[in-house]
Amino acid sequence: MEKFICPVCAEKGGRVLLTRLGGSLKCPQGHSFDISSKGYVNLLLSSHKHVKDPGDSKEMAAARRLFLDTGAYEPLLDGLCRAADELTAGIPSPVIADCGCGEGYYTAGIYSFLSSAGKKPQIYAVDISKNVLSAAKPRFSGKDIFPAAASCFRMPLPDSAADLAAVIFAPFCTGELIRTVKPRGHIITAIPAREHLYGLKQLLYREPYYNEVKPYDIDGLKFLGKEEIRAVITLDSQETLNALFMMTPYYYKTSPADSAALYSYFGTHSSFSTEIAFEILKYENLKGAD
């Protein structure tokens, strides 16, 4: 965990590295942060919390784990692994910042893929939710993946620390990405494409709608291109369908009346199918460009 910085000192503009001493990370100014039994360190200051337990709940973390373990989103994981490998070409030991790592499905997958390609990655995995970091422990065990509870808007990393940053269905904080990624380093992100989960919306809403895909250009970053991932997935249980629903934004936006058809779907059906469609976007950090 030698690249995490002290969040207290960072409040005053300092980028002071933390050093592991026993079961804690400490800085030269005496600030100390214990490493949880779940393997993560809490670098989220109480003054930066808007609620007592920010981010995903334990139930949401469990739903994500249950659904992702079915392999339904494996096409997306494969695409992210290819992009990470391409953008760390020629770097034998890439440092990667995973901004919003969730319960670690994509994080661990990218780590394993790069390792199998002969690289020695170090991944600094950040999420605001302690619940998803706890759920990630089995995925991260035995790997050079260092998890921390922190905000993507206050990444606990020094300037120019990462060769690559990944933002997978998490807030895209441009300023922090430009700061923490090396000059001419890279960023990958995944966004829902226009048709993503349209079948799920047909089940939920009388008037289903397509996703809006925003322009790709971002100030300070060079857009390098995209890869589209498309497939049809079929779920075979109510539990899995409920888990998929719970890990989408629609879970918060859908009324009980509209969601009733989803929760009772397998009472009259034996399977459920929907499109999945993602766009993997690749960027270069223009900091340091001529």
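What pairs come up if the first residue lies in segment 155-168 and is in the same structural domain as residue 9 (by TED's automatic domain parsing), the second is part of a loop (DSSP other than H, G, I, E, B), and their beta carbons are under 8 Å apart, counting only those six or more places apart or on different chains?
none
Within segment 262-290, can you find the residues that are exposed (fewer than 12 other Cβ atoms within 10 Å of the Cβ), touching a residue at least 12 places away in the same chain (Cβ under 8 Å) and of a type in the set (Ser, Thr, Tyr)?
270, 271, 273
Have a look at 106, 124, 111 and point out the one that is out of contact with any helix residue (DSSP H, G or I) (no Cβ under 8 Å at 6 or more places or on another chain), crowded, with 20+ Cβ neighbours inside 10 Å and either of a type in the set (Asp, Glu) or part of a helix (DSSP H, G or I) (or both).
On the way: 106 fails: out of contact with any helix residue (DSSP H, G or I) (no Cβ under 8 Å at 6 or more places or on another chain); 124 fails: either of a type in the set (Asp, Glu) or part of a helix (DSSP H, G or I) (or both).
Step by step, each of 106, 124, 111 is checked, and only 111 is out of contact with any helix residue (DSSP H, G or I) (no Cβ under 8 Å at 6 or more places or on another chain), crowded, with 20+ Cβ neighbours inside 10 Å and either of a type in the set (Asp, Glu) or part of a helix (DSSP H, G or I) (or both).
Of the residues that sit in segment 213-238 and are within 10 Å of residue 279 (Cα to Cα) and among the β-branched types (Val, Ile, Thr), which one is farthest from the chain's Cα centre (by Cα)?
Going through the qualifying residues, I end up with 213.
For residues in segment 127-149 being in contact with a Gly (Cβ under 8 Å, 6 or more places away or on another chain) and surrounded by fewer than 17 Cβ atoms within 10 Å (Cβ to Cβ), which is farthest from residue 64 (Cα to Cα)?
Only one residue fits best here, namely 141.
State yes or no: is residue 259 in contact with a strand residue (DSSP E or B) (Cβ under 9 Å, 6 or more places away or on another chain), in contact (Cβ under 8 Å) with a residue 24 or more places away in the chain, under 22 Å from residue 206 (Cβ atoms) and surrounded by fewer than 19 Cβ atoms within 10 Å (Cβ to Cβ)? Full working, then the answer.
On the way: in contact with a strand residue (DSSP E or B) (Cβ under 9 Å, 6 or more places away or on another chain): no; in contact (Cβ under 8 Å) with a residue 24 or more places away in the chain: yes; under 22 Å from residue 206 (Cβ atoms): yes; surrounded by fewer than 19 Cβ atoms within 10 Å (Cβ to Cβ): yes.
No, not satisfied.
Could you list all residues from segment 1-17 that are in contact with a Leu (Cβ under 8 Å, 6 or more places away or on another chain) and either within 16 Å of residue 151 (Cβ to Cβ) or without any contact (Cβ under 8 Å) to a residue 40 or more places away in the chain (or both)? Don't jump to the end; show me each part of the working.
Restricting attention to segment 1-17, the residues satisfying the condition of being in contact with a Leu (Cβ under 8 Å, 6 or more places away or on another chain) are 1-8, 11.
Selection gives 2, 4, 5, 6, 7, 8, 11.
Between a residue in segment 175-192 that is assigned by TED's automatic domain parsing to the domain that holds residue 230 and among the acidic types (Asp, Glu) and any residue that is modelled with pLDDT of 95 or more and in a strand (DSSP E or B), which pairs come within a Cβ distance under 8 Å, given they are 6 or more apart or on different chains?
176/99
Restricting attention to segment 155-208, and to residues there that are acidic (Asp, Glu) and assigned to a loop (DSSP other than H, G, I, E, B), which single residue is nearest to residue 255 (Cα to Cα)?
Initially, segment 155-208 is screened for residues acidic (Asp, Glu), giving 159, 163, 176, 195, 207.
Still in the running and assigned to a loop (DSSP other than H, G, I, E, B): 159, 195, 207.
Numbers: 159: 44, 195: 22, 207: 14 Å.
Among them, the one singled out is 207.
Looking at segment 127-154, which of its residues are in a strand (DSSP E or B) and within 13 Å of the chain's Cα centre (by Cα)?
The first filter runs over segment 127-154 and keeps only residues in a strand (DSSP E or B), leaving 127, 145-149.
Answer for segment 127-154, where residues must be in a strand (DSSP E or B) and within 13 Å of the chain's Cα centre (by Cα): 127, 147, 148, 149.
The values are calculated or read from the model by the stated rules, or taken from the named source; none is laboratory data. Just so it is clear, the structure is predicted and the values come from calculations on it, not from any experiment. Neighbour counts are summed over all protein chains in view; Cβ atoms, including those assigned to glycine, are modelled from backbone coordinates with ideal geometry.
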